[in-house]
1. In whole Å, what is the distance between the alpha-carbon centres of the stretch 45-77 and the stretch 333-363?
2. Could you sort Lys302, Lys113 by accessible area so the largest value comes first, with the probe set to 1.4 Å?
3. Using amide H atoms built in the peptide plane, which far-off residues or other-chain residues are under 5 Å from Leu174 H to H?
4. How far apart, in nm, are two points set 7 Å out from the Cα along the Cα-to-Cβ line at Leu341 and at Ala41?
5. Using a 1.4 Å probe on the protein heavy atoms, what percent of the accessible area of the stretch 109-180 belongs to carbon and sulfur?
6. Assuming a ≥ b ≥ c are the square roots of the Cα gyration tensor eigenvalues, decide whether the stretch 332-379 counts as rounded (a/c under 1.5), prolate (otherwise, with a/b larger than b/c) or oblate.
7. Excluding residues on the same chain fewer than 8 positions from Lys161, give the lysines whose Cα lies under 18 Å from its Cα.
8. Can you tell me the alpha carbon radius of gyration of the stretch 96-152 divided by the globular rule-of-thumb value 2.2 N^0.38 Å?
Amino acid sequence: FDKHYRLRLHGMFTESAKRHSSRMNVAKSGYRVFSANSTAACTELAKKITERLGVELGKSVVFQEPNRETRVDVKESVRGQTIFIIQTIPRDVNTAIMELLIMAYALKTSCAKNIIGVIPYFPYSKQCKMRKRGSIVCKLLASMLAKAGLTHIITMDLHQKEIQGFFSFPVDNLRASPFLIQYIQEEIPDYRNAIIVAKSPAAAKRAQSYAERLRLGLAVIHGEAQCAESDMADGRHSPPCVRNTTGHTGLELPLMMAKEKPPITVVGDVGGRIAIIVDDIIDDVGDFVAAAEILKERGAYKIYIMATHGLLSADAPRLIEESAIDEVVVTNTVPHEVQKLQCPKIKTVDVSMILAEAIRRIHNGESMAYLFRNITVDD
């Protein structure tokens, strides 16, 4: 009886161990998608992505304490799983960053296998160069994300592609241009009579890419007001310190000629054409409004603006509504429903499809090259 009992008990234990091992293998091979945002408007993109993937949004609570501290509670086990955190960036950028950092750290300490951030608009991407006595904030943010536990990032149309070099882990920089080009072809009547416009020489590469894909002409606006970088006082023209020393007086450097802004010109014929201005970010719309007025003066009869990230800060909706711009087309990488209510000229293109496909391919270990077909390094 004892021998029979021991054999039966051993069989039950072996079967239980097999079931446990099977459950562990399923858990380790699974993945979950969480939203790191605390507002309903910002979880819309996460819901669209999970619907396309056919999975449920992970159970978590993100909220602000009365003293404005961010708190994150993960409501389910993530041990051994690959986790995707979707974080859209609303107007309160710093709160969104803290939400992402705290959630990533919470998942890391909960023994998640991989933590992948899906950040369609990467914040502080404009601060990716040294400006006078400032700092490269984008590099600082990359280090913070790595320290919090992120192992991979999916983003879209970084302001400068060199930002990828700030990270110590893989970064997939997706492109929104296929969706915006499709909008041009399907929603702009007589787009064959259009011309792609770069609002500054710095944006000429992006505009050239659109023009070549659409088989359209290219125009460049030159001489518009430059950014404040060249006008900021940095001490270069301050008098040198007076030293009561005799001896070597130092090298005499050649005198640098001061830059003079040329008069505003449009390189290219826009008369009687539809002008389509392309850029990656539309935030402060002053430059776009000024460019639209110049194009109107040169004979363009319709003006569209295509941009990936529609931040549209401050009174941008009002300025667009009162300007010569006919339509502003942006993607849903950044929530802008309030701005759309204020300005009917703002239209939205959904890019959740490519974000969902990127998540699926990363989870299945498939190549991401398909998402970058016909896209060159300089695009």
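The values are calculated or read from the model by the stated rules, or taken from the named source; none is laboratory data. Owing to the predicted nature of the structure, the values given are computational and were not obtained by experimental measurement. Glycine also receives a Cβ, built like all others from the backbone with ideal geometry; neighbour counts cover every protein chain displayed. Accessible surface areas use protein heavy atoms only, side chains included; no ligands, DNA or RNA. Shrake-Rupley method; radii C 1.70, N 1.55, O 1.52, S 1.80 Å.
1. Rounded to whole Å, the Cα centres lie 18 Å apart.
2. On the way: Lys302 75, Lys113 130 Å².
Output order, biggest surface exposure first: Lys113, Lys302.
3. For Leu174, the qualifying residues are Thr155, Met156, Asp157.
4. Spacing of the two 7 Å Cα→Cβ label points: 0.8 nm.
5. Accessible surface attributable to carbon and sulfur in the stretch 109-180 totals 55 percent.
6. On the way: a/c = 4.41, a/b = 2.02, b/c = 2.19.
Oblate.
7. Lys126, Lys129, Lys139, Lys205
8. Details: Rg = 12.7 Å, N = 57, 2.2 N^0.38 = 10.2 Å.
Taking the Cα Rg and dividing by 2.2 N^0.38 Å, one obtains 1.24.
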